[in-house]
Every structure is written in C-alpha cells, then in structure tokens.
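Right, one structure below, let's go through it.
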Amino acid sequence: MSKIQIMDMNLANKIAAGEVVEKTMNVVKELVENSIDAGATTIKIELIDSGVKEIKVIDDGCGMDENDATLAFSRHATSKLKTLDDLFNINSLGFRGEALPSIASVSNIVLKTSNEKTGTMVVVNGGNIESVKSCDLKKGTTIIVKDLFYNTPVRLKYLKSLYTELANISDYVNKMALSYPNIKFVLVNNEKELLNTNGSGDLLKTIFDIYGVVVANKMMYIENMNNDYKISGYISYPELTKSNRGSITLLVNNRVVKNYEIVKAILEAYHTFIPKDRFPYIVLNIEVDPFLVDVNVHPTKMEVKFSKEDSLTSLIMETIDNKLNKKTLIPKAVYENVEDKYYEDDLKVNEDLFGTNSIDDEKEETLEKPKLEELTFDFSVNEEKEKYESEVNPRIKELTPIGIVHGTYIICENPDGMFIIDQHAAAERINYEKYYHALSTHSKNTIDVLIPYKIELPTNEYIILEKNFNILDNLGFKYEEFGNNTLIIRSHPTWLPKYAILEAIRKIIDIIIKEEDFNEDKFNEKVSITLACKMSIKAGDVITMPDITYLINELRHTKNPFTCPHGRPTIITYTKYDLEKLFKRAM
Ligand code: ZN
Ligand code: ZN
C-alpha cells in the first residue's frame with residue numbers, strides 16, 4: 001500500500017498558506033523532518049551559502065518507492081498525518097505535506113531515494129517533474145534543493161541575510177539534535193562543519209556536542225512527575241548563564257515547542273540564583289498525553305498551550321527549586337568563559353521560531369548611598385532569633401577568615417581551597433532572608449515611636465496607598481490619616497532597620513504604590529530585597545575581624561548562601577587543585 005495519503009482539506013487549510021517557504025530555514029526544517037519521519041539514524045545537512053544556493057539532506061531512512069517519490073511533489077499529498085490531533089502522537093513530525101510541492105515550485109530539486117527494493121531518482125524544475133529514473137539501491141533518501149527562490153523576488157532579500165539564515169538553521173538543527181539525541185546530525189555550510197552530534201541517545205553527550213565541554217560539565221539532570229506530566233532533562237548551574245533565552249529548549253513528547261508560561265516558571269525557579277538579565281541553559285522534555293496539549297495556537301511556530309498548565313508549571317518550579325537547593329553552588333574562580341558557539345551576538349538567533357516571548361524584567365533599584373552611621377551591620381532582626389533558628393547550611397563548609405582585600409573581598413580558607421566572599425553580596429543575602437522570614441511569618445511585634453513619623457505624599461499616590469491600607473495593617477503598622485495626603489505613623493514592626501526607619505517606611509510605601517496586582521509573596525520579596533540592599537554593608541566599607549567572622553557564620557546559616565537576592569555570587573573559590581595547577585605544582 002502506498003504510504004502517501006491525500007490530506008484532508010480542512011487540515012490543508014489550517015496550515016497557513018505561504019508560511020512554508022519563506023526562508024531557507026523552513027526548507028531545511030521540512031527536509032529534516034521528512035528524514036526523521038523516515039526513521040533515519042543519521043541526517044546530514046550540507047549547505048552552500050546558507051542554503052540559498054544549495055541544500056542537500058542525506059538520510060539513511062526507509063526511503064520511498066517510485067510511486068511515493070513522484071506523489072511527494074503533488075499538492076496536498078502527505079505521508080504524515082491526517083488530523084491536527086495526531087500532531088503530538090510522537091511517531092509523526094509533520095503536518096506539512098504542502099511543503100515539498102511549494103519548495104519544488106521555487107527551486108530545482110533532485111531526489112534520490114531507495115527502500116532497498118527500488119531506487120528512484122526524480123528531477124523537478126520549478127515544480128514540473130522533468131524525469132523519473134531508477135538509480136542505485138543504497139537505503140535512504142538524498143534530496144538536493146538548488147537555487148532556492150531562483151524564480152522569485154524573495155531571492156535578493158535573502159542574499160543579504162545569509163548570516164542570519166545560517167544562524168537560524170544552526171539553531172534549528174541544534175534543537176532537533178536535542179530532541180533526538182538518538183539521531184546523528186551533521187551540519188555543514190560551505191564545507192565547514194558546524195555541528196556533528198554523536199547520535200548515541202545520550203542527551204548530555206548531545207549537549208556537549210552543541211555547547212561544548214564547559215557547558216556540559218555544568219549541567220544537572222532533573223526528573224520528576226505528577227499525575228498529568230512527566231518531566232526530564234538538564235538544567236545549568238546558576239553560574240552558567242547566557243544573555244538571551246536561546247538556550248532554553250522545551251520539548252513536548254520530544255518535539256520542540258514554545259510556551260511563555262513554562263519559560264516564566266523556569267526563570268521563576270532560578271529567581272535570585274541568577275541575575276535578572278541572564279538566562280540558564282535548559283533542555284526540558286515534557287511527556288504528556290497529547291490530549292492535554294493544544295497546538296492550534298500557532299501550529300507552524302509550535303506555540304502550544306497546556307490544559308492543567310498550573311500542574312505543569314508547579315511541577316517544573318518545584319523540581320528545579322529542589323535541585324538548586326540541594327547542590328553546593330560555589331563557582332570556581334578559574335574557569336574558561338563560555339563563548340556560545342553559534343550564538344555570537346551578530347548572529348541574531350531567530351527568537352521568534354524557537355525562542356520565547358520576552359518577559360519584562362524589572363530593573364534592579366539603584367539606591368542612594370546610606371549615611372555613615374548606617375554602615376554598621378544591622379541585624380536588628382536578631383530580636384526575632386527565637387523564631388528563626390536556622391541550622392548551618394550543609395552546603396557550605398566552615399571557613400577560616402584570613403583577611404580582606406580592596407575593602408570588599410573577604411579571603412577565607414578551608415581544606416578544600418581558598419574562598420573569596422563579596423561582603424556586600426553576603427550581607428545582603430543574610431539580611432534578605434531575615435526580612436523575608438519576618439515578613440512571611442507575619443511577625444507582628446511592633447514598637448511605638450516616641451515622635452510619630454509624618455509621611456506626606458502627592459495626592460495621586462496617596463489615593464493608591466489609601467486603597468491599600470490593609471497591606472500596612474497586615475505588616476503591623478499603626479497610623480492615622482492627617483489631612484488629605486498625610487499619614488502619621490505611630491508604631492511599626494520591630495524588624496525595620498533601626499538606623500533608617502523613616503527611609504524604610506518610605507521604601508515600603510513606594511513599593512505598595514507601584515505594586516499593580518498585589519501578590520503577597522512578591523511584595524514580601526520586593527520589600528526584603530530593597531531593605532536588604534539598603535541596610536547591608538557596602539563594598540569598601542571598613543569592617544573588623546569579629547564582623548567578618550559574624551558575617552561568615554550568618555552566611556552559613558542562610559538557605560541559599562551562594563547568591564545575593566539579585567542573583568550575583570556571594571562566594572567564589574579557588575580549589576586547592578586550582579591553586580596547585582596555577583602554580584604548576586600539579587599538571
Ligand atoms: Zn545590593
Ligand atoms: Zn545584590
């Protein structure tokens with residue numbers, strides 16, 4: 001029986017017309033996915049001039065008989081699937097079928113294919129089948145698409161952006177290799193090999209082939225499931241980040257997809273572990289009953305929606321969170337910087353295709369420098385100590401302080417090596433966790449003030465604050481309104497930093513006014529970060545040895561001692577081995 005089936009018209013219409021052959025990347029995509037559908041274990045993509053001159057895809061798949069080989073070039077024929085619902089039934093990639101005839105209409109094609117019983121060669125020029133001959137019997141399919149867009153005005157446009165096209169193709173092939181670690185992918189442009197994966201089925205090896213050894217060494221395996229979803233894959237250590245979302249690869253039943261909410265959940269899990277403008281490396285496969293996935297959002301761009309989305313996002317967040325909170329995450333001082341192989345900034349990766357929608361990052365607040373008397377440690381939250389009896393964090397060992405350099409970096413040691421602590425980042429982490437703890441446990445201990453604080457606001461701001469008085473109440477403030485836009489504060493929570501109470505109150509009110517959708521957790525976090533940054537010793541502030549000892553001890557009692565709440569490192573290390581290597585004692 002012929003494998004090619006005539007696609008139902010409804011589906012044909014759903015495939016947005018004209019989207020197929022706009023770019024060389026889409027042609028590569030079509031051909032590669034045909035090869036995957038044919039069960040190939042090796043797919044070699046050879047390009048000349050980013051594919052504009054020639055795209056050759058060689059696979060060792062099942063091949064076609066003569067009938068299928070010619071039928072493949074007629075419109076509305078597809079060997080893929082019959083309805084969109086089949087899309088996530090893993091065994092088929094396509095809902096294309098439209099594509100090959102479209103590609104043929106704007107190029108010259110030579111197709112050689114063999115199913116080991118018959119070998120067929122079809123030559124198609126500008127959409128017309130010129131010849132069908134028999135040829136050799138080596139199993140698989142080789143398709144050569146030449147002079148793409150030769151008969152259309154599009155061609156000129158693309159000659160200008162060969163680099164961008166190549167970056168897009170490279171990104172696409174990388175992601176296919178990550179989706180199919182059991183297939184060997186080779187990508188060559190103008191005889192230069194850009195990618196050659198091992199095809200062993202080991203995802204970490206594929207990550208190594210694509211991103212290199214530094215990245216592969218800094219990835220952690222994760223796996224988890226709940227009633228609806230199973231997730232597995234690799235996530236990077238927080239120290240390994242890049243400046244765009246291009247290295248977040250999401251797969252659903254091994255197909256590359258895009259989904260804003262999932263990326264948001266991932267970034268949320270990394271929140272305070274990495275700086276806001278940095279992104280982790282992620283390869284995450286989601287296994288799910290296709291029934292729970294809606295691809296109709298934008299089928300060709302693979303934007304998907306999930307039923308029971310919350311179940312999925314909380315599974316992802318919980319899993320990443322658990323992993324990040326179990327590992328010791330002290331970055332090594334000695335470590336080559338990761339230069340992204342195919343992602344140099346001038347090669348703009350097509351974020352639109354497999355990237356993710358942009359999420360607004362909030363800017364870190366710049367705060368005025370505190371006055372001198374505010375520079376001492378302020379651990380006034382210690383009053384809450386009975387309620388905040390945290391254990392020493394086992395992920396950070398005992399450290400002996402040696403001294404301080406540049407008024408900022410505390411040098412310590414232990415048998416594992418030498419450690420450098422950023423005094424501001426460390427103090428900020430400590431204070432952040434204390435404020436956050438006080439806020440989220442609804443610590444209601446308050447202090448009456450002798451001389452009430454008077455806070456005057458512009459009317460527009462006062463109106464917003466008025467609507468949110470309950471937030472002030474919940475925090476334990478006691479106050480009264482005075483005139484149209486003035487608040488008299490009579491008592492405040494004990495955890496406010498005692499050297500800058502008025503300033504802290506103003507900050508909190510500021511945050512209340514700016515908060516659009518009030519979310520208690522987010523609010524507590526913002527207040528904690530702002531106060532922590534404000535109330536912590538700064539770089540360059542002079543501190544004594546007892547202060548240093550106290551700081552290290554407090555840091556060892558935090559939940560995440562490795563980064564400040566903005567995601568910057570608090571501590572880095574030269575391991576004993578690094579030092580020996582640097583001094584050539586060990587090779
Ligand atoms: Zn800070
Ligand atoms: Zn910070």
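When you check Glu461 against the structure, is it in contact (Cβ under 8 Å) with a residue 40 or more places away in the chain, in the same structural domain as Leu439 (by TED's automatic domain parsing) and within 16 Å of Asp510 (Cα to Cα), yes or no? Answer is yes for this residue. Remark: pairs (first residue in region 418-432, hydroxyl-bearing (Ser, Thr, Tyr); second residue within 11 Å of ligand 1 (Cβ to nearest atom) and open to solvent by 10 Å² or more (accessible area, probe 1.4 Å); Cβ separation under 7 Å; 6+ apart in sequence or on different chains) = Tyr432/Ile529. Within region 468-486, residues that are closer than 16 Å to Ala504 by Cα have Cβ atoms under 6 Å from residues that are basic (Lys, Arg) in these pairs: Gly476/Lys444; Lys478/Arg490, counting only partners at least 6 apart in sequence or on another chain. Taking every residue in region 438-454 that is over 12 Å from Ser491 (Cβ atoms) and pairing it with any residue that is open to solvent by less than 50 Å² (accessible area, probe 1.4 Å) and among the β-branched types (Val, Ile, Thr), at least 6 positions away or on another chain, the pairs with Cβ-Cβ distances below 7 Å are Ala438/Val381; Leu439/Val527; Lys454/Thr486; Lys454/Ile488. Applying the set (1) closer than 18 Å to His437 by Cα; (2) within 15 Å of ligand 1 (Cβ to nearest atom) to Asn560 leaves exactly one unmet item: (2). Selection of region 183-208 for residues being free of Cβ contacts under 8 Å to residues at least 40 places away in the same chain, assigned to a helix (DSSP H, G or I) and open to solvent by 10 Å² or more (accessible area, probe 1.4 Å) yields Leu204, Lys205, Phe208. If I filter region 533-544 for residues that are touching an Asp or Glu at 6+ places or on another chain (Cβ under 9 Å), without any contact (Cβ under 8 Å) to a residue 60 or more places away in the chain and either over 26 Å from Glu391 (Cα atoms) or not in a helix (DSSP H, G or I) (or both), do I get at least one hit? No, because not a single residue in region 533-544 is touching an Asp or Glu at 6+ places or on another chain (Cβ under 9 Å), without any contact (Cβ under 8 Å) to a residue 60 or more places away in the chain and either over 26 Å from Glu391 (Cα atoms) or not in a helix (DSSP H, G or I) (or both).
In the set Asn445, Asn431, which member is of a type in the set (S, T, N, Q) and either away from ligand 2 (no atom under 16 Å from the Cβ) or open to solvent by 10 Å² or more (accessible area, probe 1.4 Å) (or both)? Full working, then the answer.
Values: Asn431 fails: either away from ligand 2 (no atom under 16 Å from the Cβ) or open to solvent by 10 Å² or more (accessible area, probe 1.4 Å) (or both).
Sole residue among the options that is of a type in the set (S, T, N, Q) and either away from ligand 2 (no atom under 16 Å from the Cβ) or open to solvent by 10 Å² or more (accessible area, probe 1.4 Å) (or both): Asn445.
Does region 560-583 hold any residues that are open to solvent by 40 Å² or more (accessible area, probe 1.4 Å) and away from ligand 2 (no atom under 16 Å from the Cβ), and which are they? I'd like the intermediate steps shown before the answer.
In the first step, residues of region 560-583 are kept if they are open to solvent by 40 Å² or more (accessible area, probe 1.4 Å); the result is 568-569, 572, 574, 576-577, 579-583.
The answer is Tyr574, Lys576, Tyr577, Leu579, Glu580, Lys581, Leu582, Phe583.
The set of residues in region 419-433 being at pLDDT below 95 and more than 15 Å from ligand 1 (Cβ to nearest atom) is empty.
What residue, of Tyr180, Tyr211, is in contact (Cβ under 8 Å) with a residue 60 or more places away in the chain, under 24 Å from Met302 (Cα atoms), surrounded by 15 or more Cβ atoms within 10 Å (Cβ to Cβ) and more than 16 Å from the chain's Cα centre (by Cα)?
Numbers: Tyr211 fails: more than 16 Å from the chain's Cα centre (by Cα).
Going through Tyr180, Tyr211 in turn, just one is in contact (Cβ under 8 Å) with a residue 60 or more places away in the chain, under 24 Å from Met302 (Cα atoms), surrounded by 15 or more Cβ atoms within 10 Å (Cβ to Cβ) and more than 16 Å from the chain's Cα centre (by Cα): Tyr180.
Only one of the listed residues (Lys133, Lys117) is assigned to a loop (DSSP other than H, G, I, E, B), surrounded by fewer than 23 Cβ atoms within 10 Å (Cβ to Cβ), at pLDDT 80 or above and of a type in the set (Lys, Arg). That residue is Lys117.
The values are calculated or read from the model by the stated rules, or taken from the named source; none is laboratory data. Since the model is a prediction, treat every value here as computed from it, not as a measurement. Note that each Cβ is placed from the backbone with ideal geometry, even for glycine, and that neighbours are counted across all protein chains shown. The accessibility values were calculated without ligands, DNA or RNA, using every heavy atom of the protein model including side chains. Shrake-Rupley method; radii C 1.70, N 1.55, O 1.52, S 1.80 Å.
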